[in-house]
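Here the structure is laid out as structure tokens; the discussion comes afterwards.
The values are calculated or read from the model by the stated rules, or taken from the named source; none is laboratory data. Keep in mind that what you see is a predicted model, and the values were worked out from it rather than measured. Cβ placement follows ideal geometry from the backbone for every residue including glycine, while neighbour counts extend to all protein chains displayed. The protein model used for the area step is the full one, side chains on, heavy atoms only, and it has no ligands, DNA or RNA in it. Shrake-Rupley method; radii C 1.70, N 1.55, O 1.52, S 1.80 Å.
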Amino acid sequence: MALGKYTRVDNRRSSSSYWSTVTIVLFVGLCLVGVWMMTSSSVVPVQNVDEPAQEKKTEVKQEVVETNIESNTQQFEDNQGDLPEDATKGDGAVSLVQSQKTDNTQENEEDKSNEENKSDTQTENGDNKTDDGDSKNGDGGSDSETGETNTTSEGNSEGQGDSEENSNDKKSESDEGENKSESDEKENKSDLDDGENKSDADESEKKSEENSGETKDGEKTDGEIEEKVDQSDNKESEKSSDEKKEDDKVKNQNEVFPSGAQSELLNETTTQNGAWSTQAAESKNEKEAQLSKQKNEYNWKLCNVTAGSDYIPCLDNLQAIRSLRSTKHYEHRERHCPEEPPTCLVPLPEGYKRSIEWPKSREKIWYYNVPHTKLAQVKGHQNWVKVTGEYLTFPGGGTQFKHGALHYIDFIQESVPDIAWGKQTRVILDVGCGVASFGGYLFDRDVLAMSFAPKDEHEAQTQFALERGIPAISAVMGTQRLPFPGRVFDVVHCARCRVPWHIEGGKLLLELNRVLRPGGFFVWSATPVYQKLAEDVEIWNAMSELTKAICWELVSKTKDTVNGVGVALFRKTTSNECYEKRSQQEPPICAQSDDPNAAWNVPLQACMHKVPVESSERGSQWPEQWPARAEKTPYWLLSSQVGVYGKSAPEDFKADYEHWKRVVSKSYLNGMGIDWSSVRNVMDMRAVYGGFAAALKDINVWVMNVVAIDSADTLPIIYERGLFGIYHDWCESFNTYPRTYDLLHADHIFSKIKKRCNLVAVVAEVDRILRPEGKLIVRDNVETINELESMIRSMQWEVRMTYSKDKEGLLYVQKSMWRPKESETVKYAIA
């Protein structure tokens, strides 16, 4: 234990000049006796006095180390984010200081009893040695004050105060102890040697603990605490350099049998390995690094398929199509998704250019973006599409409206004013749309048209539509229900759509009846309406009987003299009274268990669903007129229903809309640098209530709202507010041509998808449907954002913005023109 400060008060020496010769002789005899006594006492008492002190010091040091280990263990168990550093580490610091103070008190009492017997010569030697020790202690004190926390500073200042008080006590006691024996000096030497060994061990342990304390930010304060405790211990046990030289022999002997503190340094389970890591750790880290590198390196390849740059995986599965037993009902035009979706990238057409912006794109597109001329050759005389230099131009005509779609649209409303385009009628379904000029010009009347046509011999007809900036999907009236809810479309339109509505019990017309809103119109413009050929008359008669049987009222049958075509308009009933009065129950009423909203891979049935009549049922009332219906809460959302976000359904609906209005106005339209003049075709990959689309209703874009099949079925709400959308499974490809959307919006969809789908395949699908220079906005958890960013960068997309807060992130990227050079043959898509 370190000695306190000693100051020599006087230097008095006894004089024997007046002693008699007899006295001198007696003194010499007494000295001889004293030498004998000194020799006998220098061997035995040293061990007896020193052992208890050494044991106490070892026990205290072991307690300190155990306390530090417990403190560090607790640090990893506690949640550091929930507690301040002082709360998790302060108690440990206090307990260490208290243990140290106890150690000081015990050893001070022992030193007092020893010092009372010291001789004058011992005091002189002690004075010289203590001066060196004092300077040492001063240095150590200054070191211990560096980099401390508030909690540890208070504890150490207390300990240091005790040490100074003990030093003053020792100082006064040393003045009184001038007649100490040489045996006591040797005892103190032994004590000092032990203290020196203790100090050396403490210094080594301190260095080790400082290194371990710097390995993590959260542990650094612990390292500082341990450093200050050890330095305080050093103050009590340090000796001068002279004493160290004299006691090398004892020191070496103690190193052979290390004390408890030194034993901790040799215990590999509680210390690091210095500057060297273990082979096991090196090998493990290298294996993990290689696996991580392999995982993060995405070796993208081009899809080598028969469809080339027009590849739609679920519609071009040629292997599945070849195995079909029949194609009578257009089974070969329906979806046949591969078991393993492709992870390759679709090539670009040679000469591809950035798409022409809306509204110019409605009239012309780049030929090399959709390099197909067959449709122009077959339908050019009907003003569908023409090749004009490097452009494909669209005069705005169709089979039934050669002189333009707008005249045809106005003619329909003149025939039946109740249609009221853009007010009463907002969302329509256009069957067999061709290049979708009808839907393209309905935008001028504030009407949204969901146009669809099959991928058939009229090559790329819906691709023309999408390249023009007009909504369309590739689909067919075949053996399964369309991917829409029941009772959602205000109008269904068919202009020479080549669908045999009247056959097989009217199964296909009954599918239109399912998706048509009660009170909605079916607009049929085809040769049976106005021509008198035998086949046309036969079909008209069959259609008249069928529409009467399903309680559709023929409200108008007129002829357009300009285009030379006729149009028949039928209206769906709004009550069940007609169904009940039918003499023959054909087609039959669907079973009560048959859900009209079930639409994903559900086979068609030749039956009718009853019309809802309860005032709180969806379909019992016509929606609000546009544009009010976009913001108004649907009447059939009840407060007793719980919404997607946990509030009552009406509150949920309003909160969702307010949220997206803020996000769109403050971030998407103004804060992210998006050039919205280059954006036309938008998809919301997880639409929920359609709030994102509703917030964009005042700019020239349209939004395809997608409701995943494993999400809450909110698609009827989207249609109710005058928007449209579709059901989809994101583990499969979407029914659209490549390069057809300008912007994809993904709100917390990828984190859900990756739980059951191959995320790489989904990203490849995103790349397929997004145009070069198109935008992707992702809002998701940080883990998913980071994973997506890694994939997207590997495709050489441009990352425009990343942002994260509270484990939530935003990623805004732009697709590039880059395509990989290597290709991958997709066997099931090869003819």
Exercise. Here are some conditions: (1) farther than 22 Å from Val766 by Cα; (2) surrounded by fewer than 16 Cβ atoms within 10 Å (Cβ to Cβ). Lys353 meets all but one. Which one does it not meet?
Worked result: (1)
Seminar exercise, completed: Checked Asn597, Asn563 against criteria (under 30 Å from Cys337 (Cα atoms), part of a loop (DSSP other than H, G, I, E, B) and open to solvent by less than 40 Å² (accessible area, probe 1.4 Å)); the one match is Asn597
For this session: For the range 458-465, state whether one or more residues are farther than 22 Å from Leu743 by Cα and either in contact with a strand residue (DSSP E or B) (Cβ under 9 Å, 6 or more places away or on another chain) or polar (S, T, N, Q) (or both).
Result: no
For this session: Please go through the range 540-589 and pick out each residue that is under 53 Å from the mean Cα position of the chain (by Cα) and more than 23 Å from Asp418 (Cα to Cα).
Result: Tyr579, Pro587, Pro588, Ile589
Exercise. Quick one: Glu651 ticks every box in (1) touching a strand residue (DSSP E or B) at 6+ places or on another chain (Cβ under 9 Å); (2) open to solvent by 30 Å² or more (accessible area, probe 1.4 Å) bar one, so which box is it?
Worked result: (1)
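May I ask you to say which residue of Asp684, Asp675, Asp710 is surrounded by fewer than 18 Cβ atoms within 10 Å (Cβ to Cβ), charged (D, E, K, R), at pLDDT 95 or above and more than 20 Å from Glu798 (Cα to Cα)?
Details: Asp684 fails: surrounded by fewer than 18 Cβ atoms within 10 Å (Cβ to Cβ); Asp675 fails: more than 20 Å from Glu798 (Cα to Cα).
Of the residues listed, the single one that is surrounded by fewer than 18 Cβ atoms within 10 Å (Cβ to Cβ), charged (D, E, K, R), at pLDDT 95 or above and more than 20 Å from Glu798 (Cα to Cα) is Asp710.
Of all the residues that make up the range 323-344, how many are loosely packed, with under 14 Cβ neighbours inside 10 Å and out of contact with any Lys or Arg (no Cβ under 9 Å at 6 or more places or on another chain)? Walk me through how you get there before you give the answer.
Initial filter on the range 323-344 (loosely packed, with under 14 Cβ neighbours inside 10 Å): 323-328, 339-340.
Applying the additional criterion that residues be out of contact with any Lys or Arg (no Cβ under 9 Å at 6 or more places or on another chain) yields 323-326, 328, 339-340.
The number of residues fulfilling the criteria is 7.
Any idea which residue in the range 621-630 is most open to solvent (accessible area, probe 1.4 Å), counting only those that are among the hydrophobic types (A, V, I, L, M, F, W, C) and in a loop (DSSP other than H, G, I, E, B)?
So the first thing to find is which residues in the range 621-630 are among the hydrophobic types (A, V, I, L, M, F, W, C), and the list is 622, 626, 628, 630.
After this cut, where a residue has to be in a loop (DSSP other than H, G, I, E, B) as well, the list is 622, 626.
On the way: Trp622: 69, Trp626: 28 Å².
Taking the candidates together, the pick is Trp622.
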Exercise. Within the range 690-702, which residues are assigned to a loop (DSSP other than H, G, I, E, B), open to solvent by 10 Å² or more (accessible area, probe 1.4 Å) and closer than 30 Å to Asn597 by Cα?
Worked result: Lys697, Asp698, Val701
Problem set entry | Pair list, Cβ < 7 Å and 6+ apart or interchain, from the range 631-650 residues that are more than 14 Å from Val688 (Cβ to Cβ) and assigned to a loop (DSSP other than H, G, I, E, B) to residues that are at pLDDT 95 or above and hydroxyl-bearing (Ser, Thr, Tyr) | Glu631/Tyr657; Ser639/Ser648; Gln641/Ser648
Exercise. If the Cβ limit is 7 Å and pairs must be 6+ apart or interchain, which residue in the range 672-695 that is of a type in the set (S, T, N, Q) pairs with which residue that is open to solvent by less than 10 Å² (accessible area, probe 1.4 Å) and part of a loop (DSSP other than H, G, I, E, B)?
Worked result: Asn681/Gly469; Asn681/Thr740
For this session: Being under 42 Å from the mean Cα position of the chain (by Cα) and either open to solvent by 70 Å² or more (accessible area, probe 1.4 Å) or of a type outside the set (S, T, N, Q) (or both) narrows it down to one of Leu392, Leu375, Leu315, so name that one.
Result: Leu315
For this session: Can you work out which of the residues in the range 434-447 that are more than 40 Å from the chain's Cα centre (by Cα) and open to solvent by 10 Å² or more (accessible area, probe 1.4 Å) is nearest to Trp501 (Cα to Cα)?
Result: Tyr441
Problem set entry | Trp384 being among the aromatic types (Phe, Trp, Tyr), open to solvent by less than 40 Å² (accessible area, probe 1.4 Å) and either at pLDDT 95 or above or in contact with a strand residue (DSSP E or B) (Cβ under 6 Å, 6 or more places away or on another chain) (or both) | no
Seminar exercise, completed: Those residues of the range 347-365 which are within 37 Å of the chain's Cα centre (by Cα) and of a type in the set (Lys, Arg) amount to Lys353, Arg354
For this session: Kindly list the number of the only condition in (1) of a type in the set (Phe, Trp, Tyr); (2) assigned to a helix (DSSP H, G or I); (3) over 40 Å from the mean Cα position of the chain (by Cα) that fails for Tyr368.
Result: (3)
Exercise. Just wondering, is there one or more residues in the range 484-503 that are over 20 Å from Thr399 (Cα atoms) and part of a helix (DSSP H, G or I)?
Worked result: no
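Yes/no matrix, rows are residues, columns are (1) open to solvent by 70 Å² or more (accessible area, probe 1.4 Å); (2) in contact with a Phe, Trp or Tyr (Cβ under 8 Å, 6 or more places away or on another chain); (3) free of Cβ contacts under 8 Å to residues at least 24 places away in the same chain; (4) in a helix (DSSP H, G or I):
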| position | (1), (2), (3), (4) |
| --- | --- |
| Leu512 | no, yes, no, yes |
| Gly520 | no, yes, no, no |
| Ser556 | no, no, no, no |
| Lys559 | yes, yes, no, no |
Exercise. Residues in the range 530-544: is at least one among the hydroxyl-bearing types (Ser, Thr, Tyr), buried (at least 17 other Cβ atoms within 10 Å of the Cβ) and closer than 25 Å to Glu720 by Cα?
Worked result: no
Exercise. Going by the structure shown, is Tyr635 open to solvent by 50 Å² or more (accessible area, probe 1.4 Å), touching an Asp or Glu at 6+ places or on another chain (Cβ under 6 Å), modelled with pLDDT of 95 or more and farther than 30 Å from Arg739 by Cβ?
Worked result: no
For this session: Taking Lys402 as the residue in question, decide whether it is of a type in the set (D, E, K, R) and in contact with a Leu (Cβ under 8 Å, 6 or more places away or on another chain).
Result: no
Exercise. List, please: which pairs have Cβ atoms under 7 Å, are six or more places apart or on different chains, and start with a residue in the range 543-554 that is free of Cβ contacts under 8 Å to residues at least 24 places away in the same chain and end with one that is open to solvent by less than 10 Å² (accessible area, probe 1.4 Å)?
Worked result: Glu553/Phe570; Leu554/Thr547; Leu554/Ala568; Leu554/Phe570
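Condition (residue is part of a helix (DSSP H, G or I), within 10 Å of the chain's Cα centre (by Cα) and surrounded by 20 or more Cβ atoms within 10 Å (Cβ to Cβ)) applied to the range 788-808: is it met by at least one residue? Outline the logic, then answer.
So in the range 788-808, the residues part of a helix (DSSP H, G or I) come out as 788-794.
If we keep only those that are within 10 Å of the chain's Cα centre (by Cα) too, we end up with 788.
Remaining after also requiring surrounded by 20 or more Cβ atoms within 10 Å (Cβ to Cβ): 788.
Looking through the range 788-808, at least one residue is part of a helix (DSSP H, G or I), within 10 Å of the chain's Cα centre (by Cα) and surrounded by 20 or more Cβ atoms within 10 Å (Cβ to Cβ).
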Exercise. Considering only the range 712-735, how many residues are in contact with a Lys or Arg (Cβ under 9 Å, 6 or more places away or on another chain) and under 16 Å from Asn601 (Cα atoms)?
Worked result: 6
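Residues that are under 18 Å from the mean Cα position of the chain (by Cα): list the strands (runs of 3 or more DSSP E) wholly contained in the range 703-787 that include at least 1 such residues. Talk me through it step by step, then tell me what you get.
Working: elements: 725-728, 741-747, 770-781.
Counting at least 1 such residues, we get 741-747, 770-781.
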Exercise. For the subset of the range 462-483 comprising residues that are charged (D, E, K, R) and under 28 Å from Thr393 (Cα atoms), which member is surrounded by the fewest Cβ atoms within 10 Å (Cβ to Cβ)?
Worked result: Glu467
